[in-house]
Amino acid sequence: MPFFQTPPSLGNQYANDRVLRTYVARKLPADVLRDIEPSLDEMGELAGGRLYRRLVEEYDHEPRVVPWDAWGQRIDRIEVTPLWQELFPIAVQKGIIATAYERKHGRFSRTHQFALAYLLDASSGVFSCPMAMTDGASRTLLDTGNRAIIDRAIPRLTSRDPARAWTSGQWMTERTGGSDVAISETVARPDPTAGPDAFRLYGTKWFTSATTSEMALTLARPEGNPPGGSGLALFYVELRDDAGRLRNIAINRLKDKLGTRMVPTAELTLDGAPAIAVSGLRDGIKNITPMLSVTRTWNAVCAAAGMRRGLALARDYAKKRIAFGAPLADKPLHADTLAALQAEYEGAFLLTFRVVELLGKDEAGELTEREGHLLRMLTPIAKLTTGKQGVAVASEVLEAFGGAGYVEDTGLPRLLRDAQVLPIWEGTTNVLSLDLLRVMSRGGSLAVIEEEVRACTETATDDGLRRCGEIARSAVAHARAWAENAREAGPAALEAGARRLAMTLGRAMELAFLVEHAAWAQKTNGDARPAASARFLARTGIDSIVDDDFMPGASTLARYDE
Ligand SMILES: Cc1cc2nc3c(=O)[nH]c(=O)nc-3n(C[C@H](O)[C@H](O)[C@H](O)COP(=O)(O)OP(=O)(O)OC[C@H]3O[C@@H](n4cnc5c(N)ncnc54)[C@H](O)[C@@H]3O)c2cc1C
């Protein structure tokens, strides 16, 4: 018989996920857990079964845009892949958005929602992208208090009925930039015939990922407004008329992207698209901020989900793949390689779900002032730290499959291609590092992070965990001392080191949360695995602060071209 390698397979993705299961067991009250567990189990079954098989089978399916109908009418219809068509009713009925807004379990509703999203994401071909924007738009509209738009859009955005449910896009990026949106070129002209807040938008949106959505939130400059961010306003757009035709919006083309290839990311021309000003005619960037906080949280959740999926596949394969006379799982070096990845994933998961927890408390009106500062600092930190980990872990996961990891119809290369977007969209690593500095300059003291790390690491139950706790604490103290020196050295020094600061804080927090989880696991069920992950994370490097940032000449180093 010729030899054929057995491909990796997945089981129920909730049942098999030790980290998620122990996390919800630790954090949720027993009655809440009892109530939500069937939904997690059901999602885990779908994600590890039918949806995963479809994703692999449809590895090369992509959306397409149909610009004209048979009779020459411009229609710009986007046809999404069969998997995406199936995902929409699933996501709506299972309450991927609704769960957060029904708030059946108060502050734990966000944990429930994001646990569902985390389970679904890795088998969805990045369907989490339109879901994230729908969630972000719901939060943003509710925060504006615009009753008319809330009454029209929120019941649809948060519906569990696929016939009624809407998704939303977020159109910020223009050819002028996605980070520096203050220089956006889209102009808003009043349309008094349609109402006092009615406008027509003219411009180009350069990246719009949820182009099949019924609505979008976008930025434009009302005519006569000054340049800069404060001159932009937040607008609500319904994309299609009752007959389903786009309203003065043309799809120029779909982007040909490295990854997220099932996501129909389009370039749009707005040629008088009807829009409504949501919240006055200024401060659009400020008013759209809740959207970014939510989508950045989604980004971190999806980074953790992608790492977990890669590891689930790699671990299964390691049991099946025989090399040099034994399964890879029995080779000490391969086991060590996977354990290091597991540590990255566990840290990322715990950091991310701490943000989720705080978001849930915030929406339930239970956040303390200290936790408010923590949430504002942790959101960019979690997004940027987990985005980078997602790419690094996916790359190692592909290597763990050898040549098969590089072959498209195994479904494996998607893991890396889809991970690479995580540090780019919703704010790049640098942009989020600068965002952290902004939060710090507005009262976000690093003392809050120090306090959180201290509280988590005090629970350490043995010498190994205590040592990990010390590493986390000393990294945060080092970061805080650096930030104080950098402030004195001037804004350029602070900015230049912002990424090292943010990554150090992110990794130190991950380690602290791992110590806390490990101490609980040891005490509760004698499980030593989280403690092993804490030790692995501690030794792969937590502190990337560079003290000689302030030595004479250090700031000119980066200016040399070669
Ligand atoms: C697949 C995909 C889908 C997308 N979908 C959407 C969407 O639906 N809606 C939407 O609005 N946008 C979307 N985007 C756009 C995305 O949000 C932007 O590409 C991203 O925010 C970066 O902006 P940019 O491309 O202008 O890069 P730039 O801002 O030009 O960044 C280039 C580099 O400069 C760095 N940089 C920028 N400013 C600074 C600074 N001050 N200091 C230090 N470094 C800096 C960045 O970190 C980056 O490394 C999508 C992008 C992708 C890839």
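None of the figures in this text is laboratory data; all of them are computed from the coordinates on show. Since this is a predicted model, take the numbers as computed values, not measurements. Cβ sites come from the backbone with ideal geometry, for glycine too, and all protein chains shown count toward neighbours.
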Quiz item: With each pseudo-label sitting 7 Å past Cα toward Cβ, what's the T6-D69 distance in nm, one decimal?
Solution: 5.4 nm
Quiz item: If the viscosity is 1.567 mPa s and the temperature 4 °C, what translational diffusion coefficient in µm²/s does Stokes-Einstein give for the range 402-495 when Rh comes from Kirkwood over Cα pairs?
Solution: 78 µm²/s
Self-check item: Distance between the range 277-312 and the range 1-40 - C-alpha centres, whole angstrom
Solution: 25 Å
Practice problem: Can you pull the one-decimal nm distance between simple spin-label points at D463 and K257, each 7 Å off the Cα toward Cβ? | Solution: 5.0 nm
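Could you please tell me the mean projected area of the C-alpha convex hull for the range 219-315, averaged over all directions and given in square nanometres to one decimal?
One quarter of the hull surface, i.e. the mean projection, equals 9.1 nm².
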Practice problem: Enumerate the amide H contacts of D76 below 5 Å, restricted to partners 5 or more residues apart or on another chain; note that Pro and chain-start residues carry no placed amide H. | Solution: W68
Quiz prompt | Sorted peptide list for 94-106, 520-532, 128-140, criterion being average Cβ within 10 angstrom, highest first | solution = 128-140, 94-106, 520-532
Quiz item: For R53 and A477 in one chain, what is 0.36 nm times their gap in residues minus the Cα-Cα distance, to one decimal in nm?
Solution: 147.9 nm
Quiz item: Taking a quarter of the surface of the convex hull around the Cα atoms of the chain, what do you get in nm²?
Solution: 29.2 nm²
Quiz item: Contour minus end-to-end for E102 and A250, with contour as 0.36 nm per residue of separation and end-to-end as the Cα-Cα distance?
Solution: 49.7 nm
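At 0.36 nm per residue, and after removing the present C-alpha to C-alpha distance, how many nm does the segment from A163 to S230 gain when stretched out fully?
Here the answer is 20.3 nm.
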Quiz item: So how do 323-335, 80-92 stack up, highest first, on mean other-Cβ count within 10 Å?
Solution: 80-92, 323-335
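E399 to V431: FRET efficiency via 1/(1 + (r/R0)^6), r the Cβ-Cβ distance, R0 22 Å, to the nearest 0.05?
In this case the efficiency is close to 0.15.
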Quiz item: Which value in Å does the Kirkwood hydrodynamic radius of the range 460-555 take, with 1/r averaged over all unlike C-alpha pairs and then inverted?
Solution: 14.2 Å
Quiz item: So, by mean Cβ neighbours within 10 angstrom, what's the order for 408-415, 240-247, 178-185 with the highest one leading?
Solution: 408-415, 178-185, 240-247
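Within the P(r) computed for the range 1-78, what percentage of the Cα pairs occupies the region above 14 Å?
Beyond 14 Å sits 75 percent of the P(r) for the range 1-78.
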